[in-house]
Structures are given as structure tokens and as C-alpha cells.
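Undergrad: Here it is, the structure in full.
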Amino acid sequence: MLTLVSIKSLYNHFLAECCYALSHIGIACVPPMPTFLSVEPANICQLRCPQCPVSLTVVQRELSKEIQGHFMTLEHFRHILAQTQGYVHTIQFFFQGEPLLNKDLPEMIRLAHEAHIYTLTSTNAQALTPLLAEQLIQAGLDRIIVSMDGLSEQSYTAYRQGGSLHQVLQGLTYLRNAKDRLGGRTHIELQCLRLRSNEHEWNMFRRSYRQMGADSLTFKTAQFYDYEQGNPLMPSDEKYSRYHRLPDGTYQPKNRLTHRALCIVHRQPHKSCRRLLTGCVITVKGDVLPCCFDKSHRYVMGNIFDEIKENSSSTLRTIWHNQAFQNFRRQVRLSRFTFPICTNCTE
């Protein structure tokens, strides 16, 4: 049944798509509010995946024992939820760290679910327990993505360093059992990065994902930060890679080649970016980022938690429409690939 909240969010989504369409003919406009949010419950992780920015600072954090303060509080999430005012139709509870490390995640999901917001999260499944699986299902989680990049410990740990394949398989079982027992509607998606270390297992993934407890299987191309000279984990078949090998032996992202070539031929600005008109990221500390590809927080548009402080008017609405965000959208539209965060983008 459609509620006033869902009707408002659908209308905001319609405005966002209209703005995106108009941007292609040079008309700049921004919808009243973002249609989706990426909220970061935690910015720490147990694993040390070689291409993950979080793993680069894990050792430093462990040495300094600086674990406190890297989880979003329930109070802060309630503040975010109040800021959406019914405009946001989706919240994905992940950005950099492992979301399930935040003990308040099930309650955050429950609050969003009660506000008629579609919820999803992504996990390495290392922290999944029977109790946590049950809490997530009961909270009304709509979709959970379980990352599993191999069907043997050797292929799995080639990328998910510090993780256990056995634990992932157990986590899938916990989720399936909880879903079946409670009559939950949570969609369990198994996700596999396309890597050279697991390419011999792709067909087996297709044959066995349901037996492992998942409802669907998704293959995802891998993002690399050191792609220029290639990477040993890149698939042997370029069709399954985000990167194209040039005649001189170096690599470039496929989207960069495609879009830049089209822009040169047609003498037009780079294609507009839908992400900048439909959503944004809110980090553990409340920083609002324009895109999930801004892993290093290079383009902070404001801080939503500043409003909690006295004499501050930094709301999600004001940040979404502030001059810094407007300028960023315009610059990306005019010269998208001068921004490092755009070079790895899949859009």
C-alpha cells in the first residue's frame, strides 16, 4: 500500500530523473532532496583486502588501539532519518567498513523499515552469527549482499585476506535458516568479484549458489587503484575486467576511453552523472560525500551532524543545495574525467 511517505519519495525520484534528463541538454537543476543514501555504520573491517582503502589503515588503528569512535551511533542515525523527511526511498547501510561490526545496525534497519524506506547492506559475513542473522531478518532488511570471492580457501583468501570461506558459508546458512524460520522477505544475494584467482570457479558458482543459501548470484568487476601497469588479480579475459589494455601495455578504465572518445567526436561535455543528482554518502562522522567512489573523503560537501551543535544550520537539505555541491556537479558535467574519483566509475 502506498503511503504519503512513499508517494513523496516516488515524486522526488521522478524529479531526480527529470533533472538527469535535462542535464544532457545543458539545463542544470537539482531535485529537492537525494533519493537514496549510502550510510556508513562502521569504517573499520576485520579483513585486509589488497584494493580496499580501509585495509591500508587497519594496522595503524590496531597499533594505536583507536577502535572507539568508528561506529555510527543510533542517535546520529535517527538524526539522519529525520533529515530525509520522506524523500529518500532507499538507504544502503555500507560504504567503507564492515557494517555488521556495528551492534546498532539491526535497530537502524528497523527504524528505516518503519519509515517505509528500502534497506540493504553488504557484508563479508565474518561477523554473522545465528542471533545477528535473526535480528537482521526481524528488523525488516530488504536485501543483504554477501561477498564471497572464491569456492576454496585458496581462491577466497587471494583477495579476502584475513577472512575465512568457512565462516561465509556458515553465515549464508544462518541467514537462510533465519529467513525460512521467521518467514522473512530479505533477499540474500551472493556476490563474487571477477578475479583471475577465481575465474575457474565461475560456472560452479552458478550451479551452487542456491544450495549455499542465496536467492541470487551477482558477478561484479573488480576495482583496482594500481591498474596502470596491470594487476595479477585482473581476469585473463578482458571482457570481464573494468580495464582495457592499450598498445603500449598499460591499462585504462573502459568507461574513461569510451566516454572521452565520444565527447571528442561530438565536441560535447562529458555525460552527466546520475549519482550526483540522486544520492550521496554520509560517513560515520557525518561528512556528506557526493559519491561512493570518493573513498578518501576528498570532496566533503558538509557535515550533517554539525546541525546538532549550537548555532549551526547545516542540514542535509542545505548541504544538498549548497554552493560547493552545485559547483562540483557543474564541474563534473563539464569535465568529468579531470576528477580522479571518476576514472574508476562504472557509470
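The values are calculated or read from the model by the stated rules, or taken from the named source; none is laboratory data. All values reported here derive from a predicted model rather than from experimental measurement. Glycine gets a Cβ as well: all are built from the backbone with ideal geometry, and neighbour counts include every protein chain shown. Note: areas computed on protein heavy atoms with side chains; ligands, DNA, RNA excluded. Shrake-Rupley method; radii C 1.70, N 1.55, O 1.52, S 1.80 Å.
Undergrad: ³J(HN,Hα) across region 188-193 via Karplus (A = 6.51, B = -1.76, C = 1.60, θ = phi - 60°), whole Hz, x for Gly/Pro?
TA: Along region 188-193, the couplings run 9, 10, 8, 10, 10, 6 Hz.
Undergrad: Which entries of Lys8/Lys285; Lys103/Lys179; Lys103/Lys220 show an alpha-carbon separation above 23 angstrom in the structure shown?
TA: On the way: Lys8/Lys285 28 Å; Lys103/Lys179 20 Å; Lys103/Lys220 28 Å.
Correct reply: Lys8/Lys285; Lys103/Lys220.
Undergrad: Rounded to the nearest whole Å³, what is the per residue volume of the convex hull around the Cα atoms of region 116-259? If you can, show how the numbers build up before the last one.
TA: Numbers: hull volume 17.9 nm³, N = 144.
Per residue, the Cα convex hull of region 116-259 comes to 124 Å³.
Undergrad: Can you list residues from other chains, or at least 5 along the same chain, whose modelled amide H is less than 5 Å from the amide H of Tyr243?
TA: Those lying under 5 Å, H to H, from Tyr243 are Lys254.
Undergrad: What percent antiparallel are the DSSP beta bridges of the chain, to the nearest 5?
TA: 25 percent
Undergrad: Also, quick follow-up: So what does log10 I(q)/I(0) come out to for region 60-179 at q = 0.10, 0.22 Å⁻¹, using the Debye formula with one equal point on every Cα and no solvent?
TA: With one equal scatterer per Cα and no solvent, log10 I(q)/I(0) is -0.35, -1.26.
Undergrad: With unit charges on the beta carbon (Lys/Arg positive, Asp/Glu negative), name the residue among Leu128, Val332, Val146 whose Cα is farthest towards the positive pole of the charge dipole of the chain.
TA: Result: Val332.
Undergrad: When the accessible area of region 26-176 is computed with all protein chains present and a 1.4 Å probe, what percentage of it is carbon and sulfur?
TA: Values: 3240 of 5920 Å².
Carbon and sulfur atoms account for 55 percent of the accessible area of region 26-176.
Undergrad: Tyr225 versus Thr343, label points 7 Å from Cα toward the beta carbon: distance in nm?
TA: About 1.3 nm separates the two model spin labels.
Undergrad: Then there's this: To the nearest 20 Debye, how big is the dipole of the chain about its Cα centre, given +1 on the beta carbon of each Lys and Arg and -1 on that of each Asp and Glu? Walk me through the numbers before you get to the answer.
TA: Numbers: 38 positive and 29 negative charges, 194 e Å.
Magnitude of the dipole: close to 940 debye.
Undergrad: Hey, what number do you get for the chain at 222 nm if only DSSP H runs of n ≥ 4 count, each worth -39500 (n - 2.57), divided across all residues, to the nearest 500?
TA: Values: 12 runs with 124 residues, N = 347.
After summing the helix terms and dividing by the residues of the chain, the value is -10500 deg cm²/dmol.
Undergrad: Starting from 0.36 nm per residue, how many nanometres of slack lie between Val300 and Phe14 once their C-alpha separation is accounted for?
TA: On the way: separation 286, 0.36 × 286 = 102.96 nm, distance 2.63 nm.
Once the chain is fully extended between Val300 and Phe14, it gains 100.3 nm.
Undergrad: What's the Kirkwood radius of the chain in Å, using all Cα pairs? If you can, show how the numbers build up before the last one.
TA: On the way: mean 1/r = 0.0466 Å⁻¹.
It works out to 21.5 Å.
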